[in-house]
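The values are calculated or read from the model by the stated rules, or taken from the named source; none is laboratory data. Please read these numbers as outputs of a predicted model, since none were measured by experiment. Please note: Cβ atoms are built from the backbone with ideal geometry, for glycine as well, and neighbour counts cover all protein chains shown.
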């Protein structure tokens, strides 16, 4: 059994979610019903995997906030360097 991070890359037809799992961002498709309530594309999760099957999915709000903050800071740096092109 292992626990890995994943991000919700996209949701297709409100039925399946495509997750990018681990550092190598391996695609894994899960049912939207298996996701925690209220999560959306771009949010981070903790997956528990046992025998190559996802056995538990938990929302990782802390990682989502950390990544959003990092992106916001990078965008601000770009705006300062390029002069409000964004």
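Worth a mention:
- Selection status of residue 67, in a loop (DSSP other than H, G, I, E, B) and modelled with pLDDT under 95: no
- Test result for residue 28, buried (at least 16 other Cβ atoms within 10 Å of the Cβ) and closer than 23 Å to residue 2 by Cα: yes
- Complete set of residues in the range 37-49 that are closer than 16 Å to residue 4 by Cβ and at pLDDT 95 or above: 43, 44, 45, 46, 47, 48
- Scanning the range 66-85 finds no residues that are closer than 17 Å to residue 8 by Cβ and in contact with a helix residue (DSSP H, G or I) (Cβ under 8 Å, 6 or more places away or on another chain).
- Number of positions in the range 24-51 that are part of a loop (DSSP other than H, G, I, E, B) and under 12 Å from the mean Cα position of the chain (by Cα): 7
- The residues of the range 33-54 that are in contact (Cβ under 8 Å) with a residue 40 or more places away in the chain and either at positive phi or surrounded by 11 or more Cβ atoms within 10 Å (Cβ to Cβ) (or both), listed by number, are 45, 46, 47, 48, 49.
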